[in-house]
Amino acid sequence: MASPTKREDNYRHKKLRSDLVQTLREKGIRDEKVLAAIEKIPRHFFLDDAFERIAYEDRAFPIASEQTISQPYTVAFQTQLLDIQKYDRVLEIGTGSFYQSCVLAEMGARTFTIERQQELYQWVEDFFFRSKYPSIKRFFGDGFAGLPTFAPFDKILITAGAPFIPPKLLEQLKVGGLMIIPVGADGSQQMLRVTKLEDGKILEEVMGQFSFVPMLEGTNQKA
Ligand code: SAH
């Protein structure tokens, strides 16, 4: 992964970011607030130095603990589906590189994020860019349990492939709230938009096919 020390964000990086935003527009991303956040956040800070030149290609990259930083299109697509409004209380499962968390915070969401890999949790702890978004609340734990003490949430975002919709997360969603969750087995998931309705019912809509690393039970303490 990237060294946690400060790096520069120069005109060349900014040009690559604006090209990436153009690519995302061409692929159908319309939410201007999502595009503005991606244009602003130096994605190359989140990746290993070896990937600096290609950090702005629209593809996923390996990070520590055999995990990945999601492809920019996937980040943009999930965030667009969340329909983020300023001050929304948002729970993200799968902090990973911390990139998606920063996108949410940049859009004005009150962001809570959980990671099950201690090594990744620690990496973010030491990451210089974290001070840019001091309001993001990070937790080491199992996303299947959510954060009951901080519930309910307006929006819940799962950034790993889930075997099913975790019941505890559904409980922690406000009535009228949205959950964006890729559901399915190994490497192929259906993106679901789940709306919690008034009478305890839920509405599930399939929004496309994606590929994520798996959402796993429990935590991995190996740092
Ligand atoms: N949002 C991340 C994407 C990381 S990939 C980013 O922007 O970089 C998915 C992440 O979900 C991995 O870091 C993985 O360790 C984590 N994960 C998988 N199952 C989890 C669980 N049950 N609870 C919390 N995190 C989990």
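FYI, it's all coordinate maths here, none of it is from the lab. No experiment lies behind these values; they were computed from the predicted model shown. Here Cβ is always computed from backbone atoms with ideal geometry, including for glycine, and neighbour counts include all displayed protein chains.
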Full-extension gain in nm, Leu203 to Asp9, via 0.36 nm per residue minus C-alpha separation: 65.6 nm
Distant-in-sequence amide H partners of Arg89 (H built 1.01 Å from N, under 5 Å): Arg110, Asp154, Lys155
Rounded FRET efficiency, nearest 0.05, which uses the C-beta distance separating Asp48 from Thr149 and R0 of 35 Å: 0.50
Straight-distance crosslink candidates among aspartates and glutamates, where the alpha carbon sits under 14 Å from Lys27 and sequence neighbours closer than 8 are dropped: Asp19, Glu57, Asp58
Cα-derived Rg to Rh of region 4-125, Kirkwood definition: 0.94
Percent RCO, i.e. relative contact order, over region 145-185, from Cα pairs under 8 Å lying at least 6 residues apart: 51
The chain - percent relative contact order, Cα under 8 Å, separation 6 or more: 16
Cross-link table Lys196/Lys222; Lys174/Lys222; Lys137/Lys196, entries beyond 30 Å C-alpha to C-alpha: Lys196/Lys222; Lys174/Lys222
Counting DSSP beta bridges with both ends in the chain, the antiparallel % (nearest 5): 45
By average C-beta atoms within 10 angstrom, highest first, the peptides 20-32, 87-99: 87-99, 20-32
Isotropic mean projected area of the C-alpha convex hull, region 72-210 (nm²): 7.9
Anchor Lys201: aspartates and glutamates whose Cα lies under 20 Å away (excluding residues fewer than 8 positions away in-chain): Asp154, Glu171
³J(HN,Hα) computed for each position of region 146-155 - Karplus, 6.51 cos²θ - 1.76 cosθ + 1.60, integer Hz, glycine/proline x: x, 9, x, 5, 9, 6, x, 10, 6, 9
Integer Hz, Karplus 6.51/-1.76/1.60 couplings in order for region 159-170, x for Gly and Pro: 10, 10, x, 8, x, 6, 7, x, x, 5, 6, 4
